[in-house]
Structure formats: C-alpha cells, structure tokens
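Each remark here refers to the structure printed beneath this line.
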Amino acid sequence: MSLSFIPVIRSNVSEFEAFFNSSGAPKHCWCMVWRRSTAESHRHTPADRKQQMMERVAAGAPIGLIAHDGENAVGWVSIAPRETYRNLGGPPGATGEVIWSIVCFFVPRRLRGEGMVRRLIAGAVDHAKARGATIVEAYPVDPDAPSYRFMGFVPVFAEAGFTDRGMAGTRRHCMQLRL
C-alpha cells in the first residue's frame with residue numbers, strides 16, 4: 001500500500017473531522033490530551049476537545065498528518081513543534097535545536113498489525129525535517145504497558161533509529177531522533 005501524508009490545515013479539516021468521527025477513532029479526545037492549556041483542561045467533554053482542536057487548525061497551528069492510501073484516510077499521527085504541547089517530559093533543548101514531538105497515533109482496527117505505525121513515524125519525521133526540525137522526539141511505552149499505548153511502543157521507535165533519553169513519567173520513555 002502506497003501512502004501519502006497530508007498535514008491537517010483549514011482547507012482539509014473536514015476530512016480530519018470525518019476520520020476522527022469514524023468507527024473506533026479517538027473522537028473522545030480529539031488528540032488534545034497533551035495540547036490543552038490549564039484553562040482548556042476545565043472544558044473536557046469530547047465536544048470541548050473537538051472545538052479546541054478546530055480552533056488550533058483555524059489558527060494555522062500544525063497538529064499532525066493524515067495518511068492516505070489513494071483517496072482513503074488510513075492513519076493519523078500527531079506531529080507538531082514540542083512547544084505546542086504541554087510539558088511532555090523531554091530534556092531541555094539546546095540552543096539552536098528545533099524539536100518536534102510525536103505524541104499520538106490512530107490506525108483503524110482493520111489495518112493494525114500491518115506496520116502502519118512504522119510508516120506513520122517515517123512520514124512524521126520527513127514532515128518535521130522539511131519544516132526545520134533538528135530533533136524529533138517521542139514518548140512511547142513498553143509493549144506491556146497498561147496505558148499510553150496510543151503513543152507507540154519503544155521497540156518500534158528504536159527500529160526507526162530513535163534513542164532512549166530516559167523516562168518521561170512512570171511509563172513513558174523519551175526517545176529522540178537527531179536529524
């Protein structure tokens with residue numbers, strides 16, 4: 001399956017909305033878990049989270065990529081500058097470093113187990129690099145972790161060349177790829 005990766009922007013936000021409203025999609029969070037400000041965290045219904053995300057898209061903020069196999073949306077990866085998220089637990093950036101973060105994936109159940117996350121990582125890395133990133137950071141968990149599985153798994157990021165920089169919480173690792 002050949003994939004293309006399309007950043008979510010104002011002109012295609014309806015496709016993003018349709019994908020997130022599809023069966024099994026993360027329409028309960030709208031990928032806002034790590035993005036919400038303190039003020040936004042007091043409004044936490046699915047409708048509130050959707051509105052918060054749509055406001056970011058309307059403002060032109062980078063939020064992530066939809067993967068396509070031709071005309072169909074088949075995956076999502078949240079990739080954006082690290083400063084557009086809450087503190088994710090990564091080390092401070094050095095002067096001149098531009099860090100983009102991968103924080104979430106969604107692959108429809110029918111496509112899981114086919115290496116889609118690996119392809120989403122590659123697409124996200126290419127996207128961040130093309131926009132000036134010098135480091136891509138991710139916060140995956142071990143495969144047996146009971147939570148945060150939407151952030152990916154350590155071995156998959158290690159296969160993609162990311163190095164473990166330590167823990168970013170009790171379950172999440174901080175992994176980085178220098179570009």
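Putting +1 on Lys and Arg Cβ atoms and -1 on Asp and Glu Cβ atoms, find which of 158, 8, 116 reaches farthest to the positive end of the dipole of the chain.
Result: 8.
Pick out, in residue order, every one of the trypsin sites (Lys or Arg not before Pro) in the range 110-152 that is DSSP loop and has at most 16 other C-beta atoms within 10 Å; say none if there are none.
Answer by residue number: 112, 131.
For residue 80, enumerate residues with amide H under 5 Å from its amide H, sequence gap 5+ or separate chain, H modeled in the peptide plane.
Under 5 Å from the amide H of residue 80: 101.
Let me check against my output: what whole-number percent is the relative contact order of the chain, with C-alpha pairs under 8 Å and at least 6 apart?
19 percent
With θ set to phi - 60° and the Karplus curve 6.51 cos²θ - 1.76 cosθ + 1.60, what are the ³J(HN,Hα) couplings of the range 42-49 in order, to the nearest whole Hz, using x for Gly and Pro?
7, 10, 10, 6, x, 5, 4, 5
Please list the non-local residues whose amide H lies under 5 Å from the amide H of residue 153, H modeled 1.01 Å from N, same-chain partners needing a gap of 5 or more.
141
Take the chain, compute every pairwise Cα distance, and split them into 10 Å bins from 0; I just need the percent in each bin.
Result, from short to long distances: 10, 40, 39, 12, 0 percent.
Which value, in debye to the nearest 20, gives the size of the charge dipole of the range 83-179 about its Cα centre, when Lys and Arg are +1 and Asp and Glu are -1 at the Cβ?
On the way: 13 positive and 9 negative charges, 66 e Å.
Roughly 320 debye, rounded to the nearest 20.
Over the chain, with a Gaussian network built from C-alpha contacts below 10 Å, which listed residue (69, 144, 126) shows the highest mean-square fluctuation?
Result: 144 has the largest fluctuation of those listed.
Nearest 20 debye, what's the magnitude of the dipole of the range 18-166 about its Cα centre given +1 on Lys and Arg Cβ and -1 on Asp and Glu Cβ? Walk me through the intermediate numbers first.
Details: 18 positive and 14 negative charges, 80 e Å.
Magnitude of the dipole: close to 380 debye.
What residues have an amide H closer than 5 Å to that of residue 75, excluding those fewer than 5 places away on the same chain, when H is modeled at 1.01 Å from N in the peptide plane?
Distant-sequence amide H within range of residue 75: 67.
Please sort by residue number the GluC sites (Glu not before Pro) in the range 31-97 whose DSSP state is loop and whose Cβ has at most 16 other Cβ atoms within 10 Å. Before the final figure, lay out each step's value.
Values: sites: 40, 55, 71, 83, 97; in loops: 71, 97.
Counting only loop positions with at most 16 other Cβ atoms within 10 Å, the GluC sites (Glu not before Pro) in the range 31-97 are 71, 97.
GNM, the chain, Cα, under 10 Å: largest mean-square fluctuation among 120, 88, 65?
Fluctuation is largest for 88.
Given only helices, namely DSSP H runs of n ≥ 4 each adding -39500 (n - 2.57), what is the per-residue ellipticity at 222 nm of the chain, to the nearest 500 deg cm²/dmol? Before the final figure, lay out the partial values.
Values: 4 runs with 42 residues, N = 179.
That calculation yields -7000 deg cm²/dmol at 222 nm.
Which one of 103, 79, 34 is farthest out on the positive end of the charge dipole of the chain, using unit charges on Cβ (Lys, Arg +1; Asp, Glu -1) and the Cα centre as origin?
Comparing the listed Cα positions along the dipole, 34 ranks first.
Bear in mind these aren't lab numbers, they're just calculated from the coordinates by the rules spelled out. Note that the structure is predicted; figures quoted are calculated from it, not measured. Every residue, glycine as well, gets a Cβ built from its backbone with ideal geometry; the counts of neighbours run over all protein chains shown.
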